[in-house]
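Some notes on the structure that comes next.
No lab work stands behind these numbers, since they all come straight from the coordinates. Bear in mind the structure is a predicted one, so any value in this text is a computation, not a measurement. Neighbour counts run over all protein chains shown; Cβ positions are idealised from the backbone, glycine included.
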């Protein structure tokens, strides 16, 4: 074999090893999105459970606010359905976009509920209601942290997918940018 043939084989081997390494890196980052989403999904489920407990206690006491409670129920159902739809592929843009909208609506409904409780001082200081409000606030902080972790994982993945020459490889294998929340 001539030196040029050896050089060509070495170049091909280097490209193959680079391609395998780049592919594995992108797959690792995509798996990191899935892990971060699992934490976020758990926080969304915990928020729904905390809301349910608080609603069960507040419905009989605040009959005049049934419209607010119904709005929260609807927003919660939509958020949980969107979360279920995003579970199989949390790196896909469409289900995550729907989840972003649904969780924003749900967060607004939760904020409305919390303002109602704080507006009624007898409820805010009630020994049954106060621990549930505190639990909901804690779950909201966990959800916000999980969302940050998810968005960081998405940013790292998108950076890797968009870099040249990895961009050539990722477009060949059908990788596309993920969406943050």
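Could you give the length gained on full extension between residue 70 and residue 168, defined as 0.36 nm per residue of separation minus the Cα-Cα distance, in nm?
Numbers: separation 98, 0.36 × 98 = 35.28 nm, distance 4.90 nm.
Roughly 30.4 nm would be gained on extension.
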Exercise. How long is the gain from residue 124 to residue 108 if the chain were fully straight, where each residue apart is worth 0.36 nm and the alpha carbon distance is subtracted?
Worked result: 3.8 nm
Exercise. Could you state the number of Å between the C-alpha centres of segment 1-58 and segment 105-153?
Worked result: 31 Å
Exercise. Any idea what % of Cα-Cα pairs in the chain are farther than 27 Å?
Worked result: 44 percent
Exercise. Regarding segment 20-107, what are the three Cα extents along the principal axes, ordered largest first, in Å?
Worked result: 62, 20, 15
Exercise. Given labels modelled 7 Å from the Cα in the Cβ direction, how far is it in nm from residue 61 to residue 142?
Worked result: 2.3 nm
Problem set entry | Additional length obtainable on full extension of the chain from residue 177 to residue 11, 0.36 nm per residue less Cα span | 56.8 nm
Seminar exercise, completed: Under the 7 Å Cα-to-Cβ spin-label approximation, residue 77 and residue 135 lie apart by a distance in nanometres of 2.3 nm
Problem set entry | Distance in nm between pseudo-label sites at residue 84 and residue 159 (7 Å out along the Cβ direction from Cα) | 3.6 nm
Problem set entry | At R0 = 41 Å, FRET efficiency that the Cβ-Cβ distance of residue 149 and residue 116 yields, to 0.05 | 0.85
